[in-house]
1. Among the residues that make up region B:99-108, is at least one of them at pLDDT 95 or above, within 12 Å of another protein chain (Cβ to nearest Cβ), out of contact with any Asp or Glu (no Cβ under 8 Å at 6 or more places or on another chain) and in a loop (DSSP other than H, G, I, E, B)?
2. Tell me which residues, restricted to region A:128-152, are touching a Gly at 6+ places or on another chain (Cβ under 6 Å) and within 26 Å of A:Val203 (Cβ to Cβ).
3. Which of the helices (runs of 4 or more DSSP H) contained wholly in region B:153-237 include at least 3 residues that are among the hydrophobic types (A, V, I, L, M, F, W, C)?
4. Which one is surrounded by the fewest Cβ atoms within 10 Å (Cβ to Cβ) among residues in region A:161-175 that are modelled with pLDDT of 95 or more and polar (S, T, N, Q)?
5. Take the residues in region A:133-145 that are assigned to a loop (DSSP other than H, G, I, E, B) and not hydrophobic (A, V, I, L, M, F, W, C); name whichever of them is surrounded by the fewest Cβ atoms within 10 Å (Cβ to Cβ).
6. If A:Arg5 satisfies all but one of (1) outside any helix (DSSP H, G or I); (2) open to solvent by less than 70 Å² (accessible area, probe 1.4 Å), what's the number of the condition it fails?
7. For region A:183-237, which residues satisfy the criterion of being away from chain B (no Cβ under 13 Å) and charged (D, E, K, R)?
8. Within region B:199-237, track down each residue that is touching a residue at least 12 places away in the same chain (Cβ under 8 Å) and open to solvent by 50 Å² or more (accessible area, probe 1.4 Å).
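The values are calculated or read from the model by the stated rules, or taken from the named source; none is laboratory data. All values reported here derive from a predicted model rather than from experimental measurement. All Cβ positions, glycine included, derive from the backbone under ideal geometry; neighbour counts span all protein chains shown. Protein only, heavy atoms only, side chains kept; ligands, DNA and RNA dropped before computing areas. Shrake-Rupley method; radii C 1.70, N 1.55, O 1.52, S 1.80 Å.
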There are 2 protein chains.
Amino acid sequence: MKKNREVTNRFLAAGDKIVREVLEHQNWNAELVMATAEWCEKNAPLCENAQVELFTCSETELAQASGLKTPNQAMVVVLTPDNTADFQPLDTLALYLDGIQDPGNLGTILRIADWFGIPQVFRSPDTVDLYNPKVIQATMGSFLRVKSPEISLSDLKKNHPQWTTYGALLEGMDVFQIEVKAPSLLVIGNEGRGISIRNLTLVDCPISILRHANGGAESLNAAVATGIICAAFRRPT
Amino acid sequence: MKKNREVTNRFLAAGDKIVREVLEHQNWNAELVMATAEWCEKNAPLCENAQVELFTCSETELAQASGLKTPNQAMVVVLTPDNTADFQPLDTLALYLDGIQDPGNLGTILRIADWFGIPQVFRSPDTVDLYNPKVIQATMGSFLRVKSPEISLSDLKKNHPQWTTYGALLEGMDVFQIEVKAPSLLVIGNEGRGISIRNLTLVDCPISILRHANGGAESLNAAVATGIICAAFRRPT
C-alpha cells in the first residue's frame with residue numbers, strides 16, 4: 001500500500017468533513033472525489049469550485065476503496081504534497097517521532113501538534129507512513145496544517161544545532177519541574193521499545209511523566225504521553 | 001457480544017502478558033486458558049498453580065476466538081468480577097466517563113488512571129462495555145487494578161455529595177490555572193458530542209485545555225485530554 005502511494009504519488013482521505021476541508025484548502029491538489037449520491041448533490045458547487053472530477057458510488061464501494069471500517073460518505077484522491085523538512089528557524093517547539101508504528105497514534109499526535117500550535121512533527125524513516133488512510137483519519141484534518149517530513153534525528157540536529165533535544169523516557173526529570181529552553185525538540189519513542197539506542201545519544205535532556213506512588217501501569221500510550229508533555233511545555237508559566 | 005458476556009458472566013483476555021498477569025493475580029477467577037503449544041509448555045506451572053484448564057490450539061484458532069487482529073499466543077476465559085460502585089471515601093481523584101464509545105479510548109483511559117493512581121473510573125450506562133476484548137487489550141493489564149463500575153452521574157453525586165465535579169469542556173477555566181479541590185471527580189464526555197446536557201448541569205467547575213494561539217485542531221482525542229487533565233491534577237504544586 002505504501003509502495004502504491006509512493007509510485008502513484010497520490011493518497012486517499014476519507015470522510016465528509018476531511019474531504020470538504022481538502023477541497024476548501026487551496027494548497028492541496030485534490031484530483032477526484034468518490035461519494036454517495038446524497039453527498040454529491042449537497043457538495044457539487046464545492047467540487048466544481050475545486051475543479052475535481054466527481055464520481056457517485058455506494059457506501060459499500062466507498063468502504064472497499066478506502067479500506068476503512070467506518071462508513072464514509074465521501075473520499076478524495078489527493079496529490080502527495082512536497083513534504084521535505086523545512087530548515088528555516090521555525091517555532092519554539094517541534095516533535096520528533098522515533099519509530100511510532102501505530103497509525104492511530106501518529107494521527108492522534110498530529111492532532112495534538114495542531115492543537116498546541118506545533119507546525120512540524122518530524123518522523124524517523126521507520127515511523128509509520130503519513131499517508132496511511134488510518135493515519136489521515138485519526139488526524140481529524142490536522143494533516144492539512146501540520147507538516148510531517150521524514151528525516152533522521154542526526155540530520156535534523158545537524159541542521160538545527162541550536163535546538164535543545166528533550167527525550168520522553170521512563171526515567172528522567174519531571175516534565176512539570178524542568179525549565180524548558182526554546183527552541184526545543186521533543187523526541188517520542190516507539191510504542192514498545194521507546195527511543196532507539198542510536199537516538200538516545202542525541203538527547204540533551206531526558207524527561208519523564210511521573211507515575212503516582214499508587215500507580216500500577218508500566219507506561220502510558222505514546223500519543224497520551226506526547227499530549228501531556230506538549231501541554232506541560234505550552235502551559236502558562 | 002456484550003449480551004453473551006452478560007449471560008455467561010465471563011469475558012476474554014488475550015495476549016501473553018495479560019494472560020500471565022490474570023493467572024498471577026489471586027483476585028481474578030481464571031477458568032480456562034487457550035494457547036499455542038509453545039506457550040503451554042513455557043507456562044504449564046503457572047496454569048497448574050492457578051488451577052485452570054489448559055487447551056492447546058493454533059494461532060489461527062486463537063485469532064478467531066478472540067476476534068482480535070493482532071496475533072496472540074494465549075487467551076484466558078475469566079469470571080466477570082463484582083463490579084458495583086464502591087461508595088467508601090476513596091481517594092483524592094476519580095473519573096466519570098459520559099458516553100465514551102471507542103474501545104481503544106476506554107482501555108487507554110483505564111491505563112492512564114492506573115498510571116496516575118486513580119482507583120475508580122465510573123462509566124455512564126451508554127459508555128462502551130468494559131469487557132469488550134479491544135478495551136481489555138488497550139488497558140495493557142490496567143483492568144486488573146482499576147475498578148470501572150457503571151452508574152449514572154446523578155446517583156454517583158448523591159453518594160458523594162462532598163466531591164467537586166470538574167467537567168472537561170472546550171470552554172472552561174485553564175486546567176493549569178485552577179486550584180483543584182480534593183476529593184474531585186473529573187467528567188470526560190463522548191468523543192463527538194462531549195458531556196451530555198443532562199450531566200452538564202451536575203458539573204461544578206468547567207475546565208479546559210487551552211488551545212495555542214496558532215492551533216488549528218477543533219478538539220483533542222478524549223483519551224489524550226483525559227491524560228493531560230490527570231497529569232495537571234496530579235502534578236506537584
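1. no
2. Once the filter is applied, which keeps residues that are touching a Gly at 6+ places or on another chain (Cβ under 6 Å) and within 26 Å of A:Val203 (Cβ to Cβ), region A:128-152 yields only A:Val135.
3. B:222-234
4. Checking each candidate, the answer is A:Thr164.
5. Out of the qualifying residues, it is A:Arg145.
6. Here A:Arg5 meets the rest and fails (1).
7. Residues satisfying the conditions are A:Arg193, A:Arg198, A:Asp204.
8. B:Leu200, B:Asp204, B:Pro206, B:Leu210, B:Arg234
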